[in-house]
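Q: The following block contains the structure, expressed as C-alpha coordinates.
The values are calculated or read from the model by the stated rules, or taken from the named source; none is laboratory data. Note that this is a predicted model, so its numbers are computed, not measured. Because the Cβ atoms are built from the backbone with ideal geometry, glycine has one as well, and the counts that use them run over all protein chains shown.
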Amino acid sequence: MSLENKNIIVTGASSGIGEATAKKLAAAGANVVITARRTERLNELKDEIEKDGGKALAITGDVTSKEDWKSIVEQTHNNFGKVDVLVNNAGLMPLSFVENLKTDEWDKMVDVNIKGVLNGVASVVPDMKETKAGHIINISSVAGRKIMPAGAVYCATKYAVRALSEGIRLEMGPKYNTKVTSIEPGFVATELTNTITDDDVKDMMSQFEDLTPLQASDIADSIYYALTQPEHSSVNEILIRPTNQDL
Ligand SMILES: NC(=O)c1ccc[n+]([C@@H]2O[C@H](COP(=O)([O-])OP(=O)(O)OC[C@H]3O[C@@H](n4cnc5c(N)ncnc54)[C@H](OP(=O)(O)O)[C@@H]3O)[C@@H](O)[C@H]2O)c1
(Lines give C-alpha, C1' and ligand atoms only; values in the text may rest on other atoms or scores of the structure.)
Protein backbone atom coordinates (compact mmCIF):
# COMPACT_ATOMS: atom_id res chain seq x y z
CA MET A 1 0.00 0.00 0.00
CA SER A 2 1.33 3.46 -0.87
CA LEU A 3 1.71 6.17 1.77
CA GLU A 4 1.42 8.94 -0.84
CA ASN A 5 -0.76 11.70 0.66
CA LYS A 6 -1.76 9.62 3.70
CA ASN A 7 -2.31 11.84 6.74
CA ILE A 8 -0.19 10.47 9.57
CA ILE A 9 0.10 11.79 13.13
CA VAL A 10 3.35 10.86 14.91
CA THR A 11 3.55 11.59 18.64
CA GLY A 12 6.89 11.97 20.40
CA ALA A 13 8.36 13.20 17.11
CA SER A 14 10.90 15.56 18.69
CA SER A 15 13.52 12.80 19.09
CA GLY A 16 14.39 9.12 18.73
CA ILE A 17 11.95 6.69 17.16
CA GLY A 18 9.27 9.32 16.50
CA GLU A 19 11.67 11.62 14.69
CA ALA A 20 13.09 8.81 12.54
CA THR A 21 9.57 7.57 11.75
CA ALA A 22 8.34 11.00 10.71
CA LYS A 23 11.30 11.38 8.34
CA LYS A 24 10.80 7.92 6.83
CA LEU A 25 7.04 8.34 6.29
CA ALA A 26 7.40 11.87 4.89
CA ALA A 27 10.03 10.59 2.44
CA ALA A 28 7.46 7.99 1.33
CA GLY A 29 5.00 10.78 0.43
CA ALA A 30 2.88 10.98 3.60
CA ASN A 31 1.65 14.26 5.11
CA VAL A 32 3.13 13.98 8.59
CA VAL A 33 1.76 15.77 11.63
CA ILE A 34 4.60 15.85 14.13
CA THR A 35 3.82 16.51 17.76
CA ALA A 36 5.65 16.61 21.11
CA ARG A 37 6.32 19.24 23.81
CA ARG A 38 9.66 20.59 22.51
CA THR A 39 8.61 23.12 19.86
CA GLU A 40 12.12 23.96 18.71
CA ARG A 41 13.01 20.33 17.97
CA LEU A 42 9.73 19.91 16.06
CA ASN A 43 10.38 23.00 13.96
CA GLU A 44 13.88 21.78 13.10
CA LEU A 45 12.42 18.45 11.99
CA LYS A 46 9.70 20.16 9.95
CA ASP A 47 12.37 22.25 8.17
CA GLU A 48 14.45 19.15 7.46
CA ILE A 49 11.47 17.23 6.05
CA GLU A 50 10.43 20.18 3.88
CA LYS A 51 13.98 20.70 2.65
CA ASP A 52 13.86 17.09 1.42
CA GLY A 53 10.59 17.78 -0.43
CA GLY A 54 8.22 16.32 2.17
CA LYS A 55 5.14 17.76 3.88
CA ALA A 56 5.00 18.27 7.65
CA LEU A 57 2.87 20.13 10.16
CA ALA A 58 4.45 20.73 13.59
CA ILE A 59 2.10 21.01 16.56
CA THR A 60 3.34 21.47 20.10
CA GLY A 61 1.31 19.31 22.45
CA ASP A 62 1.28 17.08 25.49
CA VAL A 63 -0.30 13.66 24.92
CA THR A 64 -1.81 13.73 28.41
CA SER A 65 -3.91 16.80 27.51
CA LYS A 66 -7.28 16.14 25.87
CA GLU A 67 -7.37 19.82 24.84
CA ASP A 68 -4.06 19.44 23.00
CA TRP A 69 -5.38 16.33 21.23
CA LYS A 70 -8.46 18.27 20.12
CA SER A 71 -6.20 20.89 18.59
CA ILE A 72 -3.92 18.28 16.94
CA VAL A 73 -6.88 16.63 15.19
CA GLU A 74 -8.52 19.96 14.23
CA GLN A 75 -5.30 21.25 12.69
CA THR A 76 -4.79 17.94 10.86
CA HIS A 77 -8.29 18.23 9.38
CA ASN A 78 -7.79 21.86 8.40
CA ASN A 79 -4.41 21.34 6.76
CA PHE A 80 -4.60 17.83 5.30
CA GLY A 81 -8.00 16.15 5.90
CA LYS A 82 -9.06 13.06 7.87
CA VAL A 83 -6.50 11.12 9.89
CA ASP A 84 -5.37 7.93 8.12
CA VAL A 85 -2.71 6.77 10.57
CA LEU A 86 -1.75 7.43 14.18
CA VAL A 87 1.70 6.45 15.44
CA ASN A 88 1.24 6.48 19.22
CA ASN A 89 4.93 6.70 20.11
CA ALA A 90 5.40 9.28 22.93
CA GLY A 91 6.63 7.65 26.10
CA LEU A 92 9.09 7.80 28.95
CA MET A 93 11.05 5.22 30.93
CA PRO A 94 12.20 6.43 34.34
CA LEU A 95 13.08 2.92 35.56
CA SER A 96 13.33 2.59 39.35
CA PHE A 97 13.24 -0.04 42.06
CA VAL A 98 9.85 -0.27 43.76
CA GLU A 99 11.36 0.08 47.25
CA ASN A 100 12.69 3.55 46.30
CA LEU A 101 9.07 4.73 45.98
CA LYS A 102 9.46 7.13 43.09
CA THR A 103 5.69 7.40 42.96
CA ASP A 104 5.63 10.65 40.97
CA GLU A 105 7.51 8.85 38.20
CA TRP A 106 5.08 5.91 38.38
CA ASP A 107 2.21 8.37 37.90
CA LYS A 108 3.95 10.06 34.96
CA MET A 109 4.51 6.72 33.21
CA VAL A 110 0.86 5.76 33.63
CA ASP A 111 -0.23 9.21 32.42
CA VAL A 112 1.98 9.36 29.32
CA ASN A 113 2.52 5.71 28.35
CA ILE A 114 -1.07 4.53 28.92
CA LYS A 115 -3.45 7.49 29.15
CA GLY A 116 -1.55 9.37 26.43
CA VAL A 117 -1.99 6.38 24.12
CA LEU A 118 -5.70 6.19 24.99
CA ASN A 119 -6.14 9.92 24.31
CA GLY A 120 -4.62 9.37 20.88
CA VAL A 121 -6.86 6.41 20.14
CA ALA A 122 -9.98 8.34 21.20
CA SER A 123 -8.96 11.26 18.98
CA VAL A 124 -8.62 9.26 15.75
CA VAL A 125 -11.28 6.53 16.07
CA PRO A 126 -14.11 8.83 14.83
CA ASP A 127 -12.23 9.44 11.53
CA MET A 128 -11.49 5.73 11.13
CA LYS A 129 -15.12 4.74 11.79
CA GLU A 130 -16.22 7.22 9.15
CA THR A 131 -13.70 6.25 6.49
CA LYS A 132 -13.82 2.52 7.34
CA ALA A 133 -10.05 2.50 7.02
CA GLY A 134 -7.02 3.56 8.98
CA HIS A 135 -4.14 2.20 11.00
CA ILE A 136 -3.14 2.70 14.62
CA ILE A 137 0.47 1.89 15.49
CA ASN A 138 1.21 1.69 19.22
CA ILE A 139 4.79 1.53 20.44
CA SER A 140 4.96 -1.11 23.14
CA SER A 141 8.32 -2.79 23.90
CA VAL A 142 10.08 -6.02 24.72
CA ALA A 143 9.13 -4.73 28.19
CA GLY A 144 5.54 -5.45 27.14
CA ARG A 145 6.45 -9.14 26.98
CA LYS A 146 9.10 -9.58 29.69
CA ILE A 147 9.36 -8.04 33.13
CA MET A 148 12.74 -6.78 34.30
CA PRO A 149 14.00 -5.58 37.69
CA ALA A 150 13.39 -1.83 38.13
CA GLY A 151 10.80 -2.09 35.38
CA ALA A 152 7.67 -3.04 37.34
CA VAL A 153 5.76 0.09 36.37
CA TYR A 154 7.34 0.69 32.94
CA CYS A 155 6.69 -2.94 31.97
CA ALA A 156 3.13 -2.66 33.29
CA THR A 157 2.53 0.32 30.99
CA LYS A 158 3.98 -1.51 27.98
CA TYR A 159 1.97 -4.68 28.74
CA ALA A 160 -1.06 -2.38 28.84
CA VAL A 161 -0.19 -0.92 25.43
CA ARG A 162 0.09 -4.42 23.94
CA ALA A 163 -3.22 -5.50 25.51
CA LEU A 164 -4.92 -2.32 24.28
CA SER A 165 -3.61 -2.87 20.78
CA GLU A 166 -5.11 -6.35 20.61
CA GLY A 167 -8.39 -5.19 22.16
CA ILE A 168 -8.73 -2.32 19.69
CA ARG A 169 -7.84 -4.62 16.78
CA LEU A 170 -10.52 -7.12 17.79
CA GLU A 171 -13.20 -4.45 17.63
CA MET A 172 -12.00 -2.09 14.92
CA GLY A 173 -10.62 -4.63 12.43
CA PRO A 174 -13.73 -6.63 11.54
CA LYS A 175 -16.18 -3.75 11.95
CA TYR A 176 -14.29 -0.76 10.54
CA ASN A 177 -11.51 -2.25 8.44
CA THR A 178 -8.95 -0.56 10.70
CA LYS A 179 -5.52 -2.08 11.28
CA VAL A 180 -3.70 -2.05 14.62
CA THR A 181 -0.03 -2.86 15.14
CA SER A 182 1.95 -3.19 18.36
CA ILE A 183 5.65 -2.49 17.78
CA GLU A 184 7.88 -4.06 20.43
CA PRO A 185 11.49 -2.92 20.28
CA GLY A 186 14.39 -4.10 22.40
CA PHE A 187 17.18 -1.68 23.22
CA VAL A 188 17.27 1.30 20.83
CA ALA A 189 19.88 4.07 21.03
CA THR A 190 17.75 7.15 21.87
CA GLU A 191 17.33 9.71 24.64
CA LEU A 192 14.88 7.43 26.49
CA THR A 193 17.22 6.53 29.36
CA ASN A 194 17.71 10.25 30.18
CA THR A 195 14.55 10.12 32.31
CA ILE A 196 16.13 7.65 34.79
CA THR A 197 16.83 9.27 38.17
CA ASP A 198 17.28 6.17 40.36
CA ASP A 199 21.05 5.77 40.95
CA ASP A 200 20.64 2.03 41.62
CA VAL A 201 19.28 1.67 38.08
CA LYS A 202 22.08 3.70 36.52
CA ASP A 203 24.51 1.03 37.87
CA MET A 204 22.29 -1.76 36.50
CA MET A 205 22.20 -0.19 33.03
CA SER A 206 25.93 -0.88 32.57
CA GLN A 207 24.92 -4.46 31.58
CA PHE A 208 23.67 -3.05 28.28
CA GLU A 209 27.05 -1.50 27.41
CA ASP A 210 28.16 -4.53 25.37
CA LEU A 211 25.02 -4.45 23.22
CA THR A 212 25.01 -3.18 19.67
CA PRO A 213 21.73 -1.31 20.01
CA LEU A 214 19.09 -0.88 17.38
CA GLN A 215 18.91 2.53 15.76
CA ALA A 216 15.72 4.60 15.69
CA SER A 217 15.72 4.15 11.90
CA ASP A 218 15.43 0.34 12.38
CA ILE A 219 12.13 0.88 14.19
CA ALA A 220 11.00 3.39 11.57
CA ASP A 221 11.64 0.67 8.97
CA SER A 222 9.41 -1.76 10.94
CA ILE A 223 6.64 0.82 11.11
CA TYR A 224 6.98 1.48 7.38
CA TYR A 225 6.72 -2.27 6.72
CA ALA A 226 3.52 -2.57 8.79
CA LEU A 227 1.97 0.44 7.05
CA THR A 228 2.74 -0.61 3.50
CA GLN A 229 1.27 -4.12 3.46
CA PRO A 230 -1.71 -4.76 1.17
CA GLU A 231 -5.16 -3.72 2.40
CA HIS A 232 -6.16 -7.30 3.34
CA SER A 233 -3.02 -7.87 5.46
CA SER A 234 -2.88 -6.51 9.00
CA VAL A 235 0.48 -6.86 10.78
CA ASN A 236 -0.53 -7.09 14.43
CA GLU A 237 2.81 -7.29 16.23
CA ILE A 238 6.47 -6.71 15.46
CA LEU A 239 9.04 -7.78 18.08
CA ILE A 240 12.53 -6.55 17.19
CA ARG A 241 15.69 -6.89 19.31
CA PRO A 242 19.37 -6.15 18.83
CA THR A 243 20.88 -9.42 17.64
CA ASN A 244 23.01 -9.77 20.76
CA GLN A 245 20.30 -8.82 23.29
CA ASP A 246 19.21 -11.83 25.38
CA LEU A 247 16.48 -10.41 27.69
N1 LIG B 1 14.64 3.37 23.19
C2 LIG B 1 14.29 2.14 23.48
O3 LIG B 1 15.14 1.27 23.81
C4 LIG B 1 12.84 1.72 23.40
C5 LIG B 1 12.53 0.35 23.43
C6 LIG B 1 11.21 -0.05 23.41
C7 LIG B 1 10.21 0.89 23.32
N8 LIG B 1 10.51 2.24 23.28
C9 LIG B 1 9.43 3.19 23.24
O10 LIG B 1 9.58 4.01 22.11
C11 LIG B 1 8.89 5.25 22.31
C12 LIG B 1 9.79 6.41 21.87
O13 LIG B 1 10.92 6.46 22.71
P14 LIG B 1 12.39 6.80 22.21
O15 LIG B 1 13.23 5.62 22.52
O16 LIG B 1 12.37 7.33 20.84
O17 LIG B 1 12.83 7.90 23.28
P18 LIG B 1 12.94 9.50 23.21
O19 LIG B 1 13.94 9.89 22.19
O20 LIG B 1 13.15 9.93 24.62
O21 LIG B 1 11.52 9.95 22.70
C22 LIG B 1 10.40 10.09 23.53
C23 LIG B 1 9.47 11.07 22.88
O24 LIG B 1 8.27 11.15 23.68
C25 LIG B 1 7.93 12.52 23.81
N26 LIG B 1 7.16 12.74 25.02
C27 LIG B 1 7.46 12.41 26.28
N28 LIG B 1 6.49 12.81 27.12
C29 LIG B 1 5.56 13.42 26.35
C30 LIG B 1 4.32 14.05 26.62
N31 LIG B 1 3.84 14.16 27.87
N32 LIG B 1 3.60 14.56 25.59
C33 LIG B 1 4.07 14.47 24.32
N34 LIG B 1 5.23 13.89 24.01
C35 LIG B 1 5.97 13.37 25.02
C36 LIG B 1 9.27 13.25 23.83
O37 LIG B 1 9.12 14.59 23.36
P38 LIG B 1 9.05 15.92 24.26
O39 LIG B 1 9.97 15.70 25.42
O40 LIG B 1 9.50 16.99 23.32
O41 LIG B 1 7.61 16.05 24.64
C42 LIG B 1 10.05 12.46 22.79
O43 LIG B 1 9.81 12.96 21.51
C44 LIG B 1 8.51 5.27 23.80
O45 LIG B 1 7.13 4.95 23.93
C46 LIG B 1 9.36 4.17 24.40
O47 LIG B 1 8.78 3.62 25.56
C48 LIG B 1 11.81 2.65 23.29
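Q: Just checking, how many residues over the range 56-78 are under 14 Å from residue 26 (Cα atoms) and more than 15 Å from the ligand (Cβ to nearest atom)?
A: 1
Q: Check every one of the helices (runs of 4 or more DSSP H) wholly within the range 28-132 and list those with 3 or more residues that are within 29 Å of residue 221 (Cβ to Cβ).
A: Details: elements: 39-51, 66-79, 103-109, 116-131.
Counting at least 3 such residues, we get 39-51, 66-79, 116-131.
Q: Then there's this: Pick from the range 149-177 the residues that are assigned to a loop (DSSP other than H, G, I, E, B) and more than 12 Å from the ligand (Cβ to nearest atom): which of them is surrounded by the most Cβ atoms within 10 Å (Cβ to Cβ)?
A: Per the stated criteria, the residue is 150.
Q: Going by what's in this entry, would residue 85 be described as away from the ligand (no atom under 13 Å from the Cβ) and in contact (Cβ under 8 Å) with a residue 60 or more places away in the chain?
A: So residue 85 passes the test.
Q: Please go through the range 178-216 and pick out each residue that is of a type in the set (S, T, N, Q) and either farther than 16 Å from residue 16 by Cβ or in a helix (DSSP H, G or I) (or both).
A: Residues satisfying the conditions are 178, 181, 182, 193, 194, 195, 197, 206, 207, 212.
Q: Does residue 181 meet the test of being modelled with pLDDT under 95 and touching a helix residue (DSSP H, G or I) at 6+ places or on another chain (Cβ under 8 Å)?
A: no
Q: If you don't mind, another one. For the condition at positive phi and near the ligand (Cβ under 8 Å from one of its atoms), what is the one hit in 29, 53, 18, 12?
A: 12
Q: Within the set of pairs 6+ apart or on separate chains, which have a first residue in the range 47-68 that is basic (Lys, Arg), a second that is assigned to a loop (DSSP other than H, G, I, E, B), and C-beta atoms under 9 Å apart?
A: Sorted first by the residue in the range 47-68, then by its partner, the pairs are 55/5; 55/29; 55/30; 55/80.
Q: Right, here's the next one. Would you say residue 137 is within 24 Å of residue 240 (Cα to Cα), within 14 Å of the chain's Cα centre (by Cα) and not acidic (Asp, Glu)?
A: yes
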